[in-house]
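The values are calculated or read from the model by the stated rules, or taken from the named source; none is laboratory data. Note that the coordinates shown come from a computational prediction; the quantities given were computed from them, not determined experimentally. Here the Cβ is made from the backbone with ideal geometry for all residues, glycine too, and neighbour counts use every protein chain on show. What goes into the accessible areas is simple: the full protein's heavy atoms, side chains included, and nothing from ligands, DNA or RNA. Shrake-Rupley method; radii C 1.70, N 1.55, O 1.52, S 1.80 Å.
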Amino acid sequence: MSPVIRSTVGGGHEVEALRWGLVPFWAKDQSFGSKAINARSETVTEKPAFRAAFKSRRCLVLSHGFFEWENLPDKKKQPWLFTLPGQGLMVFAGLWESWKPKDTAPDTPRTETFTILTTTATTRGAWIHDRFPVILEPEDWLHWMDDAISPQELARLVEKVQTGRAATEMNQWPVTPKMNTVKYEAPDAVKPLSQDQ
């Protein structure tokens, strides 16, 4: 579960904890989410899994940074943490969905999930992975959530991300290999890896 901000019916905003891995309303079961943790910004308006959410269920995904894994010569993987300088928070462009099994009672709880938009990595992140999240600047937060976004506007927004601070100023450092275990959440997960580790 991760915190996201989304618009409310009354025109306000709310913070909710949603599960990562988007499950479209038409999916047969929740396992679909494992295939949809990320959505390519280049095709998000066309893919059946994302196009409905893109039109009306956009959200902001809150994070302190993101991890990528370097492939080492010995076939091991070294995790790296990426953060923005002088800013304790990253805000990713996201989409959310609400799902429940078909033919269930009206009061059956719904499962709410989200995905993160990605774009081609430039400069700071490209050496380790060819994609990174669409990191929004503060002036674009409300626009992303509340206004109609055309594919052309999305392309301009992504271009801004690729040439902004996320592309040129991002901090990056290796962290403990313990992060190769999905459930690892100890404090040293975000600390720079020391030479004796």
Can you tell which of 30, 9, 44 lies farthest toward the positive end of the dipole of region 1-46, using +1 and -1 charges on the Cβ of basic and acidic side chains (Lys, Arg; Asp, Glu)? 30
Please identify the trypsin sites (Lys or Arg not before Pro) of region 2-100 that satisfy two criteria: DSSP loop assignment and at most 15 other Cβ atoms within 10 Å. Which are they? 28, 75, 76
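Ordering 107, 146 from largest to smallest accessible area (1.4 angstrom probe), what's the sequence? Don't skip to the answer; put the middle values down first.
Values: 107 130, 146 70 Å².
Of 107, 146, the descending order of accessible area is 107, 146.
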For region 101-152: Kirkwood Rh in Å [reciprocal of mean 1/r, alpha carbons]: 14.7 Å
Calculated Rg and Dmax of the Cα atoms in Å (choose from [x] 16.6, 57; [y] 17.6, 57; [z] 21.1, 68), label: [y]
Between residue 15 and residue 56, 0.36 nm times their residue separation minus their Cα-Cα distance comes to what? 13.1 nm
I'd like the carbon and sulfur percentage of the solvent accessible area for region 49-197, probe radius 1.4 Å, heavy atoms only, ligands and nucleic acids excluded. 56 percent
Taking a ≥ b ≥ c as the square roots of the Cα gyration tensor eigenvalues, with a/c under 1.5 meaning rounded and otherwise prolate when a/b beats b/c or oblate if not, region 1-48 comes out prolate
If you line up the long axis of helix 151-163 against the longest principal axis of the chain, both from Cα atoms, how many degrees apart are they, to the nearest 10? 20 degrees
Largest first, what is the accessible-area ranking of 175, 9, 15 with a 1.4 Å probe? 9, 15, 175
Approximate spin-label separation residue 148-residue 45, in nm, with each point projected 7 Å along Cα-to-Cβ: 1.2 nm
Starting from 0 in steps of 5 Å, tell me what percent of the Cα-Cα pairs of region 124-197 lands in each bin. 3, 12, 17, 17, 15, 13, 11, 8, 2, 1, 0
In the Gaussian network model of the chain, springs joining C-alpha atoms below 10 Å, which of 150, 63, 41 carries the largest mean-square fluctuation? 150
Counting helices only, and only those DSSP H runs with n ≥ 4, report the 222 nm mean residue ellipticity of the chain as the sum of -39,500 (n - 2.57) divided by its residues, in deg cm²/dmol to the nearest 500. -4000 deg cm²/dmol
Determine, from the Cβ-Cβ distance of residue 155 and residue 29 and an R0 of 35 Å, the FRET efficiency 1/(1 + (r/R0)^6), rounded to the nearest 0.05. 0.55
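Report the extension gain between residue 186 and residue 76 in nm, rounded to one decimal, defined as 0.36 nm multiplied by the number of residues separating them, less their alpha carbon distance.
Full-extension gain reported as 37.5 nm.
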Assign unit charges at the C-beta atoms only (+1 for Lys and Arg, -1 for Asp and Glu), then state the dipole size of region 54-114 relative to its Cα centre in Debye, rounded to the nearest 20. 140 debye
Counting each pair of different Cα atoms once, what's the Kirkwood radius of region 40-137 in Å, rounded to one decimal? 15.7 Å
To the nearest 20 debye, what charge dipole does region 29-157 have about its Cα centre, counting +1 at the Cβ of each Lys and Arg and -1 at the Cβ of each Asp and Glu? 380 debye
